[in-house]
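Worksheet: one structure, shown below.
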Amino acid sequence: LFYPEEKFHARRTLGWTSEGTILVALGRLCWVKGWELLLQALAELRSRGSSAMLAFVGDGEDRRNVYEMAASLGVADHIQITGFVPHDTVRTCINAADLCVVGSYQEGWSVAMLEELACGKPIVSTPVSGASRLVQPGKNGFIVQERHPVAYADAIEAALTLTAADAVSLEIAQHFSAGTLAHDLATLWRPLASHAARRSAVLAGKP
């Protein structure tokens, strides 16, 4: 369901502006997602003259709080909350982005980050679970160790200059593809091994 699409085509599909930098954050709007840090970093970027806007793809109990804090920071006109949308629209939102951002205090294994990688996007993230396996600092994004808007904004600016981030993200995503997962599970659970072997044979065109 998640794969790269041309950025400006994705923006036209969504009715988003074709100009400026678009940051996308996926997930429920709740405190654990650390949306305050993302808004503060956006305000810092805007104070530096950036044209960045931030799209929250999702919804949640903190929707009103997000708008109120954005207004207090002077960036209310530069954020958007999509509400809950179907998977194909989530994919389009990711592909419309220049960069995906994660501000969470904690995460399990982040499916959202894998979806972003599968679309070839760079990521700036806090040091949540799995981030060190999904983000290669200086190659397809950065992991910001301190929850400080200046440091986070610095990382965003640096990530936007990475020239091969799309290729790195796609390569990392392949390590977690369905085919790779089937092989890895088969090595851990023997009953799956014969099934995985048959599947590989079929894919190779052998009976």
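The values are calculated or read from the model by the stated rules, or taken from the named source; none is laboratory data. Source: prediction; values computed, not measured. In this analysis, Cβ positions are derived from the backbone assuming ideal geometry, glycine residues included, and neighbour counts consider all displayed protein chains. Ligands, DNA and RNA are stripped out before the accessible areas are found, and what is left, the full protein with its side chains, is counted by its heavy atoms. Shrake-Rupley method; radii C 1.70, N 1.55, O 1.52, S 1.80 Å.
General observations
- Listing of strands (runs of 3 or more DSSP E) fully contained in segment 20-99 that carry 2 or more residues being under 20 Å from Phe8 (Cβ atoms): 22-26, 53-57
- Within segment 68-82, the residues that satisfy the criterion of being in contact with a strand residue (DSSP E or B) (Cβ under 9 Å, 6 or more places away or on another chain) and not β-branched (Val, Ile, Thr) are Ala70, Asp77, His78, Gln80.
- When Ala76, Ala71 are checked against the criterion of being more than 19 Å from the chain's Cα centre (by Cα), more than 23 Å from Leu160 (Cα to Cα) and open to solvent by less than 70 Å² (accessible area, probe 1.4 Å), Ala71 stands alone in meeting it.
- Residue count for segment 114-127 under the criterion of being surrounded by fewer than 21 Cβ atoms within 10 Å (Cβ to Cβ) and either out of contact with any strand residue (DSSP E or B) (no Cβ under 9 Å at 6 or more places or on another chain) or among the aliphatic types (A, V, I, L, M) (or both): the result is 1.
- Residues in segment 3-19 that are at pLDDT 95 or above and either of a type in the set (S, T, N, Q) or in a loop (DSSP other than H, G, I, E, B) (or both): Tyr3, Pro4, Glu5, Glu6, Thr13, Gly15, Trp16.
- Search result, residues across segment 12-31 that are closer than 17 Å to Gly58 by Cα and under 16 Å from the mean Cα position of the chain (by Cα): Ile22, Leu23, Val24, Ala25, Leu26, Gly27, Arg28, Leu29
- Search result, residues across segment 92-113 that are within 15 Å of Val57 (Cα to Cα) and open to solvent by 20 Å² or more (accessible area, probe 1.4 Å): Asp98, Val111, Ala112
- Selection from segment 107-150 of residues that are under 20 Å from Gln40 (Cα atoms), of a type in the set (A, V, I, L, M) and touching a Gly at 6+ places or on another chain (Cβ under 7 Å): Ile123, Val124
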